[in-house]
């Protein structure tokens, strides 16, 4: 997953699944699962960020529960990094 500060006040998600991962049905299933995860967890995801999920070959064999666990780990890691970055900025410089 790649992320950057967005230009909008809402967070957005982009999903890339190449042909190397599988046929069209497999690629679409992966994208549906990632979108569903984002829909269910969007409240817990901080606003103002753009996320880009890039699926790799092993994603084609994951169940939905495994996909959720993988994405939970990625967004938890992001939350720790974002919290550390915001803590490093002095409070007087926050806008």
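Read the figures in this text as sums done on the coordinates, not as results from a lab. This one's a predicted model, so the numbers in the text were calculated from it and none came from an experiment. Virtual Cβ from ideal backbone geometry, glycine too; neighbours counted across all protein chains shown.
Per-structure values
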{"quantity": "Cα-based helix-to-principal-axis angle, 64-88 vs the chain, degrees rounded to 10", "calculated": "20 degrees"}
{"quantity": "Among (1) 23, 14, 12; (2) 29, 13, 11; (3) 41, 14, 9, the entry that matches semi-axes √(5λ) of the Cα gyration tensor in Å as calculated here", "calculated": "(2)"}
{"quantity": "Principal-axis tilt of helix 24-41 within the chain, Cα atoms, nearest 10 degrees", "calculated": "30 degrees"}
{"quantity": "Extension gain, residue 41 back to residue 23 (0.36 nm per residue minus Cα-Cα distance, nm)", "calculated": "3.7 nm"}
{"quantity": "Virtual spin-label span in nm between residue 74 and residue 56, 7 Å along Cα→Cβ", "calculated": "1.1 nm"}
